[in-house]
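Colleague: Can you keep this structure in mind? I'll have questions shortly.
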């Protein structure tokens, strides 16, 4: 049986309704712990299907513009991080949860992904993964442009151009279009993977899911 996102056919864009090519759509947030847990699975999926189908990354916005210190969420977040580690094996460091001076605003990390997409779309997924590692394993401050500048430099990109775009009003607006895109697709929880085919959006996964289960569904849809 086909699993189609409720109401999504009324919400997909006209361009997608017209297009015939299959598309994988990943919706996540660099500061979403379950997205971090899902990172190795996502990497394998992208490697397997890149070149066969279009692959789109949408930054969904887990807690954009959130203003609470991360230390106030320590118990809540540490519990989730432990669950993610048990399920995925992804390594975490917890020291950042004691920082009373840092707010848990996920908009800057999403905006950084949108900027990299504009600069070099081929490096978008790699940047997304490295941004996750910067937060969860290296406990870097994700509201500082310097954190991202180091990553784009490691990817051979122009850090000065990145900084200029990241701090611009243009990209503070552009990231909101990603948040709206996630809503248009009917997605509010991350990570989520969808498959667009013949004017229909099919759910591949909601939450942490192993790569094999997703690829089985993708293969079935591609054969139809």
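Just so it is clear, none of the values below were taken in a lab; they were calculated from the coordinates. Remember, it's a predicted structure, so these values are computed and weren't measured experimentally. In this analysis, Cβ positions are derived from the backbone assuming ideal geometry, glycine residues included, and neighbour counts consider all displayed protein chains.
Colleague: Return one number: the angle in degrees, 0 to 90 and rounded to the nearest 10, between the long axis of the Cα atoms of helix 211-223 and the longest principal axis of the Cα atoms of the chain.
Modeller: Here the helix axis deviates by roughly 30 degrees.
Colleague: While we're on this one: Please give the helix 33-49 orientation as an angle from the longest Cα principal axis of the chain, in degrees from 0 to 90, rounded to the nearest 10.
Modeller: So the inclination is approximately 40 degrees.
Colleague: Work out, step by step, the length gained on full extension between residue 213 and residue 23: first 0.36 nm times the residue separation, then minus their alpha carbon distance; give nm to one decimal.
Modeller: 66.7 nm is the gain from fully extending residue 213 to residue 23.
Colleague: What residues of the stretch 33-59 lie in the reach of a label at residue 220, counting those whose backbone N is under 18 Å from a point 7 Å from the Cα along Cα→Cβ?
Modeller: Answer for the stretch 33-59: none.
Colleague: For the chain, what is the calculated [θ] at 222 nm in deg cm²/dmol (nearest 500), taking -39500 (n - 2.57) for each run of four or more DSSP H residues and dividing by its residue count?
Modeller: -15500 deg cm²/dmol
Colleague: Pulled fully out, how much extra length does the chain show between residue 87 and residue 100, if you take 0.36 nm times their separation in residues and subtract their Cα-Cα distance?
Modeller: 1.8 nm
Colleague: Then there is this: Please report 116, 46, 58 as a ranked list, fewest other C-beta atoms within 10 angstrom at the top and most at the bottom.
Modeller: Starting with the residue having the fewest Cβ neighbours, the order is 46, 58, 116.
Colleague: Another question about this same structure. Which value, to two decimals, describes the C-alpha radius of gyration of the chain once divided by 2.2 N^0.38 Å?
Modeller: 1.00
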